[in-house]
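Any read-out appearing in this document is the output of simple, stated calculations on the displayed coordinates, not a laboratory observation. Remember, predicted model here, so these are calculated numbers, not experimental data. A quick note on method: Cβ atoms are made from the backbone with ideal geometry, for glycine too, and the neighbour counts reach across all protein chains shown.
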Amino acid sequence: MSEQIQRIPVEITVNGTCYKREVEPRMLLVEFIREEINLTGTHIGCDTSYCGACTVILDGNAVKSCTLFAVQADGGEILTVEGLEKEGELHPLQQAFSTEHGLQCGYCTPGMLMSSLVLLAEKPEPEDKDIRKCLSGNLCRCTGYQNIINAVQTAAKDLREA
Amino acid sequence: MYPAPFCYHRPGSLKEAVGLLSELGEAAKPLAGGQSLIPILKLRMDEPSDLVDISRLPGLHFMQNDDGNVRIGALSTHALIGRSDLVGAVPILGDCANGIADPQVRARGTIGGSVSSADPSCDWPTLLHTLDAVIVCHGKAGVRTVPIREFIRDSYTTVLDDAELVTEIRFKVPPANSGGAYIGFKKSAPAYPTAAVGIQLTLADGDVCQQVRLALGAAGPRPVTSDEAENLLRGKVLTSELLKQAAEAIVEASDPPADARGSSDFKRAVLRSLFMQAADRAIERAAGTQIMGNHEYV
Ligand SMILES: Cc1cc2nc3c(=O)[nH]c(=O)nc-3n(C[C@H](O)[C@H](O)[C@H](O)COP(=O)(O)OP(=O)(O)OC[C@H]3O[C@@H](n4cnc5c(N)ncnc54)[C@H](O)[C@@H]3O)c2cc1C
Ligand code: FES
Ligand code: FES
């Protein structure tokens, strides 16, 4: 390893905007999102790949952004919780988490939303067990999950009827 | 948590990747999905000088079944394998792929990374023992194929040399009168299995067991197999008494470590129980019943 710190140019599109930066190879995607482009809606919970609070959507897949280097996302398209709202209107999933009390402290919520969004894109009419399976990598210390399942079902219905 | 600094390389071809790895020497490591490696680097349990990102190498993202000869490219993710047509032909693949961790990990983690890590808790090495898979490796000296039984030497140790990459996994689709099941017992989705059992068996002429492969996972430094247990079953009608004897024989050969997931005795008890469940499911599938399978949660 040379003494000089390597910097790698990356181009990463986040919520429709392309960001060009030069990053250290060891920079995690979550740090890129939170510290390079200042989108702090994506949370770091465990930082050990378990809790899913850092979940974002990379090229259509939910991924744990604490378990990915920013350089690995070079050229990729990312959606974070900040990209859900459109023209001041909450996304139906966000709205449903609110009305169904799918959150308490809200720490896990950005990750829950991003995982659920991928599910609803694939399965517009999910069964509860599909939702549980989809959210099996997202931990919540507050809600006991039931209201989260209800929220995703409500959002699924709203999206189908929209 | 930041890993120690390293240099990052993104070669454009397999040849270039192997060349780079051999030039950089043993302090360099390949990076595939990163789902085993990045957590290790963040904990600074390893501090490689260089990472060679192989995740975009062309030609290693494929799955095919040519007349029963299956080939899976090393960069195929757990998620893609779990959703592929291969699962219809070889249901035990779906049991394994769809039971690994959670959707986020399955979207990134690769079968090549799983076998190369030789992590005793990883599911693919155990599963591939039940299919007598062959691992295709590319290195400086060219290509070689290594049966999975020889490929995994010990915990976290394979036959790969520093500049050698796994490029492909090969195995044959088991015959129509064969059935398999893989069951892992896990505390939650994003946790490695406490114990796992894979069974692939072929039944003929009035339920006589023609061929059988048994493997235990997370039950010792490497996947546990037992000729004795397999010989007990081969050529016999599978009664639950006989299956219990086989379970006893293979569990006897295991050495599950006591850790946060349970004591050795607890794990042996789990292995016996999983063995019987996996055997039932494998027998039903051999008889042609379609059953969805997956890991069991507490
Ligand atoms: C929260 C969590 C839970 C998990 N639970 C499970 C589980 O229940 N069951 C399970 O099986 N796994 C589990 N995993 C591990 C996961 O399956 C990994 O994806 C897999 O073990 C490694 O694949 P990878 O592509 O991510 O490899 P990487 O992490 O990129 O690499 C792993 C190792 O293999 C080497 N390597 C990678 N690819 C190659 C190659 N083609 N040739 C040679 N060397 C290579 C790397 O240098 C590294 O040493 C879990 C991971 C996490 C984060
Ligand atoms: S912060 Fe990434 S999984 Fe917990
Ligand atoms: S709402 Fe507090 S962790 Fe989920």
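Averaging the sequence gap over all C-alpha pairs within less than 8 Å and six or more residues apart, then dividing by the number of residues, gives chain A a relative contact order of 23 percent.
Put simply, the Cα atoms of the range A:1-89 extend 49, 29, 21 Å along their principal axes, the longest span coming first. By the combined test of axial Cα extent (at least 24 Å) and Kyte-Doolittle hydropathy (mean at least -1.0), the qualifying DSSP H helices of chain B come to B:264-286. Residues B:Arg268, B:Arg234, ranked from the fewest to the most other C-beta atoms within 10 Å, line up as B:Arg234, B:Arg268. Packing-based ranking of B:107-116, B:203-212, B:82-91 yields B:107-116, B:82-91, B:203-212, ordered from highest to lowest mean Cβ neighbour count within 10 Å. Ordering B:236-243, B:159-166 by mean Cβ neighbour count within 10 Å, with the highest value first, yields B:159-166, B:236-243. With a 10 Å cut-off around each Cβ of A:115-122, the average count of Cβ atoms from other chains is 1. Shape analysis of the range A:59-162 yields a ratio of the Cα radius of gyration to the Kirkwood radius, Rg/Rh, of 0.96. Cross-link pairs exceeding 24 Å between alpha carbons, from the set A:Lys129/B:Lys42; A:Lys64/A:Lys123; A:Lys133/B:Lys42; B:Lys29/B:Lys140; A:Lys86/A:Lys133: A:Lys129/B:Lys42; A:Lys133/B:Lys42; A:Lys86/A:Lys133. Let me know the whole percent of all Cα-Cα pairs from the range B:77-145 that are separated by more than 14 Å. Cα-Cα pairs of the range B:77-145 separated by over 14 Å account for 60 percent. Note on chain B: with charges restricted to the Cβ of Lys and Arg (+1) and Asp and Glu (-1), its dipole about the Cα centre is near 520 debye. The mean number of partner chain beta-carbon atoms within 10 angstrom of a residue's beta-carbon across peptide B:6-14 is 3.
Here, the range B:178-297 yields an orientationally averaged convex hull projection of 6.9 nm² when only Cα atoms define the hull. Using bins of 5 Å that start at zero, the share of Cα-Cα pairs per bin across the range B:7-53 amounts to 5, 23, 32, 23, 13, 4, 0, in whole %.
Taking a straight Cα-Cα cut-off under 12 Å and skipping sequence neighbours fewer than 8 places away in the same chain, the aspartates and glutamates within cross-link reach of B:Lys236 are B:Asp205, B:Asp207.
With a 10 Å cut-off around each Cβ of B:102-113, the average count of Cβ atoms from other chains is 6. Working from label points 7 Å from Cα in the Cα-to-Cβ sense, the A:Leu159 to B:Val143 distance is 4.2 nm. Taking Cα atoms only, the orientation of helix A:146-161 departs from the longest principal axis of chain A by about 80 degrees. Between B:Ala27 and B:Phe62, the contour length at 0.36 nm per residue exceeds the alpha carbon distance by 9.7 nm. Charge tally around B:Phe171: other residues with Cβ under 14 Å, Lys/Arg +1 each, Asp/Glu -1 each, net +1. Summing +1 for each Lys or Arg and -1 for each Asp or Glu among the other residues whose beta-carbon sits under 13 angstrom from that of B:Asp227 gives 0. Coupling constants for the range A:100-117 follow from the phi torsions by the Karplus curve (6.51 cos²θ - 1.76 cosθ + 1.60, θ = phi - 60°), and in residue order they are 8, 6, x, 8, 10, 6, x, 5, 7, 4, x, x, 4, 5, 5, 4, 5, 4 Hz; glycine and proline get x.
In chain B, the calculated helix contribution to ellipticity at 222 nm averages -9500 deg cm²/dmol per residue, counting -39,500 (n - 2.57) for every DSSP H run with n ≥ 4. Under 10 °C and 1.306 mPa s, how fast does the range B:107-181 diffuse according to Stokes-Einstein, given a Kirkwood radius computed over C-alpha pairs? Answer in µm²/s, whole number. In µm²/s, the coefficient is 123.
Put in order of Cβ neighbour count within 10 Å, fewest first, the listed residues B:Ser22, B:Ser76 become B:Ser22, B:Ser76.
Taking each DSSP H run with n ≥ 4 as -39500 (n - 2.57) and averaging over every residue of chain A yields -8500 deg cm²/dmol at 222 nm. Cα convex hull, the protein assembly as shown: 146 Å³ per residue, rounded to a whole number.
Based on the Kirkwood approach, the hydrodynamic radius assigned to chain B is 19.5 Å, with every pair of different Cα atoms included. Remark: spin-label model distance B:Asp132-B:Ala269 equals 3.7 nm, labels positioned 7 Å along the Cα→Cβ axis.
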